[in-house]
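The values are calculated or read from the model by the stated rules, or taken from the named source; none is laboratory data. Source: prediction; values computed, not measured. Quick reminder, even Gly has a Cβ in these numbers, built from the backbone with ideal geometry, and neighbours come from all protein chains shown. Accessible surface is based on the protein model in full, side chains and every heavy atom, while ligands, DNA and RNA are left aside. Shrake-Rupley method; radii C 1.70, N 1.55, O 1.52, S 1.80 Å.
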Amino acid sequence: MSRLRQDPESHLVGRIGWLRAAVLGANDGIISTASLIVGVAAAAATRSDVLIAGVAGLVAGAMSMAAGEYVSVSSQSDTEQADLARERKELRDSPGFELDELAEIYVQSGVERPLARQVAQQLMAKDALTAHARDELGISDVTTARPIQAALASAAMFSIGAAMPLLMVVVSPVNTLVPIVSGASLAFLALLGAIGAKAGGANILRATIRVTFWGALALLFTAGVGRLFGTVI
Ligand SMILES: [Zn+2]
């Protein structure tokens, strides 16, 4: 099926899909791995304990992201394919009814009935399925759902995010591991939030504050848990 043209104003919105996925993946990688590292380090573990926990967290998180993304994108694609198959059958079995249906959609949008009917006829003469998919089902680009690519991209973005706090574990002295990993991770999060907001055309300050706040909360929480269990056991 052909890729439909979009009007220029919708370009930013079109970019939001993959951008959002990429930023979310990297965010997840930073927050979950940094929290894990800080939690284990706060329990007074050695550097190698912390590294093992961090690497395990990276692998587990990347696999989980890939699985989640694969399932979500596949089921979306299955739904779209089923809708399109049903529409194709309806177009074949009752073209007259389908013409009325499409014309009615344009009437509802404010087009006069005779013109709406003419528009529907001409669109259906060119590519009936594309016209119905777009204006009746709201599917404007069926070729975008690629589960394997989405899964690999999510896992890769998560791993890139997770690598940042892990790198900090390697380069910082053991006794200042918690503040250095926390501070650097919050800085990475803020930077990522700003990049995401800039590319998506959103408010940069608001996006940065939002992502940094949640990161700080996660770090505080796991540091508290780590300290609690570290002293108990
Ligand atoms: Zn239809």
Considering the Cα trace of the stretch 47-103, what is its radius of gyration and what is Dmax, both in angstroms? 22.9, 72
What distance in nm separates the two pseudo spin-label positions at residue 76 and residue 97, each 7 Å out from Cα along the beta-carbon direction? 3.1
P(r) over all Cα-Cα pairs of the stretch 112-233, 5 Å bins from 0 to the longest distance, whole percent per bin, short to long, reads 2, 9, 10, 12, 12, 10, 8, 7, 7, 6, 5, 4, 3, 2, 1, 0
Using a 1.4 angstrom probe with every protein chain in place, what is the largest-first accessible-area order of 37, 52? 52, 37
Expressed per residue, the solvent accessible area of the chain in Å² (1.4 Å probe) is about 58
Heavy atoms of residue 86 accessible to a 1.4 Å probe, total area in Å² rounded to 10: 120
Would you tell me the accessible area of residue 176, worked out with a 1.4 angstrom probe on the heavy atoms of the protein chains, in Å² to the nearest 10? 50
Extended-chain gain in nm, criterion 0.36 nm per residue less alpha-carbon gap, residue 108 and residue 209: 32.1 nm
Solvent-accessible surface (1.4 angstrom probe) belonging to residue 20, in square angstrom, nearest 10: 140
Provide 111, 38 ordered by accessible surface of protein heavy atoms (probe 1.4 Å), highest first. 111, 38
For the full complex of protein chains and a 1.4 angstrom probe, list 91, 217, 228 by accessible area with the highest value first. 228, 217, 91
Over its Cα atoms, what ratio of radius of gyration to 2.2 N^0.38 Å does the chain give? 1.42
